[in-house]
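Report on the following structure.
The values are calculated or read from the model by the stated rules, or taken from the named source; none is laboratory data. As the structure is a computational prediction, the values presented were derived from the model and not from experiment. Cβ placement follows ideal geometry from the backbone for every residue including glycine, while neighbour counts extend to all protein chains displayed. Accessible surface is based on the protein model in full, side chains and every heavy atom, while ligands, DNA and RNA are left aside. Shrake-Rupley method; radii C 1.70, N 1.55, O 1.52, S 1.80 Å.
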Amino acid sequence: MATFDCLAFDADDTLWHSEDGFRATEVAFCELLAPYVSDGVDIKAALTATERANLHAYGYGVKAFGLSMIEAAITISQGKVPTEVMVQLLQNVRDLLLAPVRLLDGVPEVLHELAQEHRLILITKGDLVHQTRKVTTSGLDHLFDHVEIVLEKDVATYSKVFQDISVDPQRVCMVGNSVKSDILPILELGGHAVHIPYHFLWELEHAEHPPTSPRFGELKNINELPAWIHQLSI
């Protein structure tokens, strides 16, 4: 008998690289804006503050990030940023949108193994077009019984997803890199959750780790996941 009725996976920075692309683009943003910003202005902090303020309007993903970069560039340069810099920022956003999917080590093998005994689903947040493109070009889509692209990852959203696919949240194990988005809501619903940290984490995803619990695991990489799930059934 399978330990869980459903194994749910986050996508970005859990199955494939994502945040490193954002980080590289942020570095380029700071370098491009530096000549047009007054001394003492923290360009990176200004960008993050703009992203935070725009979450309710733009949501998540590369396009939202791009809009916030454009707004921050105009604001912190007091309108002095030249057209050629804006064009480069737009090109950097386009490059992120068209970047090929780069799977993390061991992901295809682990998912294939787990799919032999468990129903796998994918729950990712962000831009519908971009996330759909990544899923369909990843080579992993055939392993998932269901794919859900959501605007937010919170208790209400997860509850609706599990209700729609007729799964009891207490029989779910969610795997992801963000404690805030992938772990805490699932634990609140009574499910299991496995945190697999990525070497970068977006500032707006930071959250306190949950207390020690038999329903919560933290692994170094996805290759450790099958053994962690198996030991629960012993």
Count of region 155-183 residues which are open to solvent by less than 60 Å² (accessible area, probe 1.4 Å) and either under 23 Å from Asn221 (Cα atoms) or in contact with a helix residue (DSSP H, G or I) (Cβ under 9 Å, 6 or more places away or on another chain) (or both):
18
Taking region 188-204 as the search range and keeping residues that are without any contact (Cβ under 8 Å) to a residue 40 or more places away in the chain and surrounded by 19 or more Cβ atoms within 10 Å (Cβ to Cβ), which one is farthest from Arg52 (Cα to Cα)?
Gly191
Condition set among the small types (Gly, Ala, Ser) and buried (at least 16 other Cβ atoms within 10 Å of the Cβ), scope region 50-95, selection farthest from His206 (Cα to Cα): answer is Ser77
Name the pairs: first residue in region 213-234 and within 23 Å of Lys180 (Cα to Cα) and modelled with pLDDT under 90, second residue open to solvent by less than 40 Å² (accessible area, probe 1.4 Å) and of a type in the set (A, V, I, L, M), Cβ to Cβ under 8 Å, at least 6 apart or on different chains?
Ser213/Leu187
I'd like the full set of residues that are in contact with a strand residue (DSSP E or B) (Cβ under 7 Å, 6 or more places away or on another chain), open to solvent by 30 Å² or more (accessible area, probe 1.4 Å) and not charged (D, E, K, R), limited to region 105-142.
Leu128, Thr132
Inter-residue pairs, beta-carbon under 6 Å, first at positive phi and of a type in the set (D, E, K, R) and in region 115-139, second assigned to a strand (DSSP E or B) and open to solvent by less than 40 Å² (accessible area, probe 1.4 Å), 6+ apart:
none
